[in-house]
């Protein structure tokens, strides 16, 4: 993707929203060798898997097709989320490009056709610009806007230390190597930054922000088989994981992450030594 | 199935303040003038304040409730969407610290009329008799200045008023039955039942939970959509916004929403009312004979500490030095298990099955007190954060873990952590909120007994997941609920209020919310908070003007005013089963 088109996408979103039931026909794309490196692979052959309009095990399941069954307030909110991607107002152009590169590794979407990628950076920008705080701030961490800027500086410092390049100019494996040091709580550079906030707090903040944007989107609900809004209709089939008549049966397929990534091993953040509070929604 | 038979759902009716699809506020609300002195001001119309304002209004008093958040019109304001429900939580700034900082906001803090009861999962178990005698029986914590038997009649009242659905026989603590039938089981409940049954652990199914299993007045039954903690648009899950506030308005209460109270005013050792910023940001005052602070365990001590004045330099009602101390949370570790077959845990209320088999102190274990095990049903965003926390998932690992969302089942610990003086709410003097009011600084530290209890409990929940057939089990440390920080007690040197919430230092200043808890047991606090509020209401009504003068109060215990229940709740539901301690009561 050229610089110009990246900026264009950041400022204008991924294109017109489409809120009907069926995915649009796949755009014809001529994939370069560089792109195929980023695609998940068939695990036995190692062959790259073509991006899909809808990855995941629920083909044919589209939460948006059910929008007429939702209440008005919910329908308006979810359609607005899909159709109106917020503009970039908090990040500078340079910061937004760095964020885009970081977020592309934190929640990669290379298995999605370009028209079906979920905008994440604009949602994070909106949250920071509107100061939508979670209701608490660690005593050893600056406010979230300052924390985000510091963290981005830290990422650049690590990229420079390890590879002598800007993060956006690194290949996917090297980018993951930079981020893995944050995940492990062992950043090799940027000491002055990590003295102002524990690296694990930053990791949890930026990854939580990505998750909040990605898994709030109907395309992600379709991907994971989540039923989405359910008022006023509700659910009838509560047991044995059975789908409702308007949901879909699971149809699993084998895939493995691209070899160009380091984010596949499950290892505790900070090697499990560092205490942190994810602050997820109340569950009881 | 892409189009509803009669077209898209139309939503709220014009001009109606909707509380669910059917219930609406049809009575006009009373408004007091700026110079009027009212009988009672309640700061915070949440779980406790919502019940108390209803009692006082029904008894004929002039009462004004203040809430910092909105008076929700739920058809218009709430959504069936995880990310869109942020506004239900108290997200004003607070500072957290200590060795184990506690996540606030959406984790445990409500905003707007209904407060925490809007976003609670609505598990409504009672405390056990032993919870009131923790120091006497186990030598830890502190005893309550009341017994289970003092509170039991109010538990029974509130179980009808909410109402609570659950099994006909609940075997733990003081055994009892529930007035309304249990709910059907969802995916996580089925996992809990399977695991517990294999291990010989008794389990309660379909409740106790304050969610309608059948329609109740203008409140429909549950539709099992799973968005309980995003605010129940259906009107099935109890919040005081549904169950008590409409009755309060009908009986002449005023609720001023979007009004932030910043000071309790004092003169000659008595409170004269409160000062607040109204919805437009103007500074206003409301005079009252009695002030009741119901801001929950952080905002209540914050307001009283911020109201320090000559004669009360360390904050109001703080001669004991206990205000803001002994804040408690419960160990709420979430243990998730992945199953070969789909579970779809987003269906059914997150709260619908539990066991209290490990609730009491067991001398064979190396810690005091115990824990409960309960279903939870995280929606996708919450679950992705659990994957981040439990597995360290990110990148492709996150995408892959989340594609199995429908194969996971989440069960949580609810463990009793003890009151410690170093777990505090204080004022962060150099940080202010959007009104310029100094914010709360919340510090939390785990102690030895707490760590042992949480570790042991987490292991038991893991065993349940494995026994149920999970192929992978991972756990996340988490903390639920907020209580303590203004505890009740019989000794004014070591507590802030009496068992009725009257502060030891200021005769006409009361506290009514979860901050009163001296200890907390392993029960979700909502039912106890609302029951204590009904009991405080009976006390205030019984005392009348005597309350204004120290030494003139009536001695003894107020009569139980069953006649003050909201319309259509008293005497409904199943007749009670005989319990081990009390004779049969048929209805109320």
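See the values below:
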quantity	calculated
In segment B:65-81, the residues that are surrounded by fewer than 24 Cβ atoms within 10 Å (Cβ to Cβ), more than 19 Å from the chain's Cα centre (by Cα) and more than 8 Å from every other protein chain (Cβ to nearest Cβ)	B:73
Within segment B:9-19, considering residues that are facing chain A (nearest Cβ under 10 Å) and in contact with a strand residue (DSSP E or B) (Cβ under 8 Å, 6 or more places away or on another chain), the one modelled with the highest pLDDT	B:12
Selected residue [more than 14 Å from chain A (Cβ to nearest Cβ), within 19 Å of residue B:467 (Cβ to Cβ) and either touching a strand residue (DSSP E or B) at 6+ places or on another chain (Cβ under 7 Å) or modelled with pLDDT under 95 (or both)] from B:358, B:371	B:358
Counted residues, segment B:459-504 - those being in a loop (DSSP other than H, G, I, E, B), buried (at least 19 other Cβ atoms within 10 Å of the Cβ) and at pLDDT 95 or above	14
Given (1) under 27 Å from the mean Cα position of the chain (by Cα); (2) under 22 Å from residue B:259 (Cβ atoms); (3) surrounded by fewer than 24 Cβ atoms within 10 Å (Cβ to Cβ), number of the condition residue B:318 does not satisfy	(2)
Residue check, residue B:526 crowded, with 23+ Cβ neighbours inside 10 Å, at positive phi and either within 14 Å of chain A (Cβ to nearest Cβ) or in contact with a helix residue (DSSP H, G or I) (Cβ under 8 Å, 6 or more places away or on another chain) (or both)	no
Every residue from segment A:128-140 that is farther than 15 Å from residue B:439 by Cβ and either touching a residue at least 60 places away in the same chain (Cβ under 8 Å) or out of contact with any helix residue (DSSP H, G or I) (no Cβ under 6 Å at 6 or more places or on another chain) (or both)	A:129, A:130, A:132, A:140
From B:110, B:105, B:98, B:84, residue being closer than 30 Å to residue B:254 by Cα, within 14 Å of another protein chain (Cβ to nearest Cβ), in contact with a strand residue (DSSP E or B) (Cβ under 7 Å, 6 or more places away or on another chain) and surrounded by fewer than 24 Cβ atoms within 10 Å (Cβ to Cβ)	B:105
Subset tally (residues that are more than 8 Å from every other protein chain (Cβ to nearest Cβ) and without any contact (Cβ under 8 Å) to a residue 12 or more places away in the chain) for segment A:51-71	0
Residue selected from segment A:231-242 under the condition closer than 14 Å to residue A:63 by Cα and touching a residue at least 60 places away in the same chain (Cβ under 8 Å), by the criterion nearest to the other protein chains (Cβ to nearest Cβ)	A:231
Considering residues of segment B:299-322 that are outside any loop (DSSP other than H, G, I, E, B) and out of contact with any helix residue (DSSP H, G or I) (no Cβ under 8 Å at 6 or more places or on another chain) only, the residue nearest to residue B:112 (Cα to Cα)	B:299
Where residue B:442 falls short, out of the listed (1) more than 14 Å from chain A (Cβ to nearest Cβ); (2) surrounded by 24 or more Cβ atoms within 10 Å (Cβ to Cβ); (3) not in a helix (DSSP H, G or I)	(1)
Members of segment B:164-174 that are surrounded by 24 or more Cβ atoms within 10 Å (Cβ to Cβ) and either touching a residue at least 60 places away in the same chain (Cβ under 8 Å) or assigned to a loop (DSSP other than H, G, I, E, B) (or both)	B:164, B:166
Scan of segment B:419-433 for residues that are in contact with a strand residue (DSSP E or B) (Cβ under 9 Å, 6 or more places away or on another chain) and surrounded by fewer than 24 Cβ atoms within 10 Å (Cβ to Cβ), ordered by number	B:419, B:420, B:422, B:424, B:426, B:427, B:428, B:429, B:430, B:431, B:432, B:433
Filter result for the condition that a residue is away from every other protein chain (no Cβ under 14 Å) and touching a helix residue (DSSP H, G or I) at 6+ places or on another chain (Cβ under 9 Å), over B:154, B:135	B:154
All positions within segment B:374-396 that are over 16 Å from residue B:465 (Cα atoms) and more than 7 Å from chain A (Cβ to nearest Cβ)	B:379, B:383, B:387
Helices (runs of 4 or more DSSP H) enclosed by segment A:143-224 - at least 3 residues per element that are free of Cβ contacts under 8 Å to residues at least 40 places away in the same chain and buried (at least 18 other Cβ atoms within 10 Å of the Cβ)	A:144-163, A:172-183
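The values are calculated or read from the model by the stated rules, or taken from the named source; none is laboratory data. Note that the structure is a prediction, hence the values are computed from the model and not measured. Reconstructed Cβ throughout: ideal geometry from the backbone, glycine too, with neighbour counts over all protein chains shown.
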